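Chemist: Here you go, one structure.
The values are calculated or read from the model by the stated rules, or taken from the named source; none is laboratory data. Everything quoted here is computed from the prediction, not taken from an experiment. So basically every Cβ, Gly included, is an ideal-geometry build from the backbone, and we count neighbours across all protein chains shown. SASA here: full protein model, heavy atoms, side chains in, ligands and nucleic acids out. Shrake-Rupley method; radii C 1.70, N 1.55, O 1.52, S 1.80 Å.
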Amino acid sequence: MTSNASNNTHIDNFNETINNNQDLDTVNIINPEPALAAAAQTEQNNNKIISDQNVEDTILASATALDASVFGKVAVIYGGNSNERSVSLDSGAAVLQALQNQGINATHYDPKYQDITELRGYDRVFNVLHGRGGEDGLLQGVLQWLGIPQTGSGILASALSMDKVRTKQLWQGCGLSTAPFSLLTADTDWQQVVNMLGLPLIIKPVHEGSSIGMTKVNHLDELPAAYATAVQCGDAVMAERWITGREFTIVIVDDEAYPVIRLEPADITNFYDFEAKYNRDDTSYYIPCGLSAAEENHLQELSLSAFRAVDAKGWGRVDAMQDATGNFWLLEINTVPGMTSHSLVPMAAKARGMDFDTLCVHILAQTL
């Protein structure tokens, strides 16, 4: 188990990350809407702020009013065997420390080293097991069979969201905009892929998270190598049209979309890859995100529709792009998002007025 000193370091790093970005609130971002339209919306926005504050106060009051004993014995599941093990270890250690800080009887459970039957000794589970085994419906099915309450989505939403292709097919069927894509095999005609999706494009393993195995392709002759990288993560590989524009993430907790975050890697010609997500400190996070009030509301509603379409519950994150003409394109859903010092869920919660410990207790309270 990660030591308490290490856990405190993770939390301190998170707070430092947020503090380093406080000056982003003062960035002057040009509102693309006409002045009259913006003025007409002022009253509506003020009413929304008051409503949001009321909801926020209710959430914080309910989370802090809970007696820690009501949760019983809690297993915080993290680690596992997936390619995202290292991220899961960081996320889970932070969550475990947060729950223990609040007096909750929480213990680390790592399925890589512990027998699944040991979970019978717990009253509920906080799932921070990223990737396969923890985010694809497998753990959800075991816990449902054992009758143990768990955080987050159930079997269906977890399995769907872990499969990028089926998620996109479902969104297309629901009339939700998602970037065009194509499944790839070793026998794929690469020129045909380029003819259909254009260049650049992004190659992705279908069943991985945290941008593992992904490659941006700028030229036709780069496709075979990109496919070879992705297929190491599993047989299912996809190509997706590259959307040139701004990248956003939308955190959803209790069927509410939190303030939208805009992501800007140091190299804006590349994508928000594993290094930018977890290891680098030169990625910029913008809250406010730079969208007009109408645009942000639209993106939040689109994300909620995407979340509900796969039957996701509890908490999660939707990733999206905005192209040069202002259109939004859904990318994917994360049903067990990261909770590390670089993670986006804690950032959005902080912008919502909720500290990390309260956020973790609030998510756990969904199991009651």
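Chemist: Tell me, yes or no, whether the range 217-232 has at least one residue that is in contact (Cβ under 8 Å) with a residue 24 or more places away in the chain, assigned to a strand (DSSP E or B) and open to solvent by 10 Å² or more (accessible area, probe 1.4 Å).
Modeler: no
Chemist: Checking the conditions here, which among F307, F328 is among the aromatic types (F, W, Y), closer than 23 Å to G137 by Cα and modelled with pLDDT of 95 or more?
Modeler: Details: F328 fails: closer than 23 Å to G137 by Cα.
Result of the check over F307, F328: F307.
Chemist: So which of S284, S305, S292 is of a type outside the set (A, V, I, L, M, F, W, C) and open to solvent by less than 20 Å² (accessible area, probe 1.4 Å)?
Modeler: Working: S284 fails: open to solvent by less than 20 Å² (accessible area, probe 1.4 Å); S305 fails: open to solvent by less than 20 Å² (accessible area, probe 1.4 Å).
Of the residues listed, the single one that is of a type outside the set (A, V, I, L, M, F, W, C) and open to solvent by less than 20 Å² (accessible area, probe 1.4 Å) is S292.
Chemist: Follow-up. Tell me, which residue of the range 93-116 that is of a type in the set (S, T, N, Q) and more than 14 Å from F71 (Cβ to Cβ) is surrounded by the most Cβ atoms within 10 Å (Cβ to Cβ)? Even if it seems obvious, please write down each step before you answer.
Modeler: At the first step, the residues of the range 93-116 found to be of a type in the set (S, T, N, Q) are 97, 100-102, 105, 107, 114.
After this cut, where a residue has to be more than 14 Å from F71 (Cβ to Cβ) as well, the list is 97, 114.
Numbers: Q97: 23, Q114: 14.
The extreme case among them is Q97.
Chemist: If you don't mind, there's one more thing I want to ask. Considering only the range 348-360, state which residues are open to solvent by 10 Å² or more (accessible area, probe 1.4 Å) and not small (G, A, S). Working first, answer last.
Modeler: In the first step, residues of the range 348-360 are kept if they are open to solvent by 10 Å² or more (accessible area, probe 1.4 Å); the result is 350-353, 355-358.
K350, R352, D355, F356, D357, T358, listed by residue number.
Chemist: Looking only at the range 349-367, which residues are assigned to a helix (DSSP H, G or I) and out of contact with any helix residue (DSSP H, G or I) (no Cβ under 6 Å at 6 or more places or on another chain)? Full working, then the answer.
Modeler: Start the filter on the range 349-367 by keeping residues that are assigned to a helix (DSSP H, G or I), which leaves 349-351, 356-367.
The answer is A351, I363, L364, A365, Q366, T367.
Chemist: Could you list, in sequence order, the residues of the range 117-142 that are more than 22 Å from the chain's Cα centre (by Cα) and open to solvent by less than 70 Å² (accessible area, probe 1.4 Å)? It would help to see each step written out before you state the result.
Modeler: Taking the range 117-142 as the starting set, the residues that turn out to be more than 22 Å from the chain's Cα centre (by Cα) are 117-124, 142.
Those that are more than 22 Å from the chain's Cα centre (by Cα) and open to solvent by less than 70 Å² (accessible area, probe 1.4 Å): L119, G121, Y122, R124, V142.
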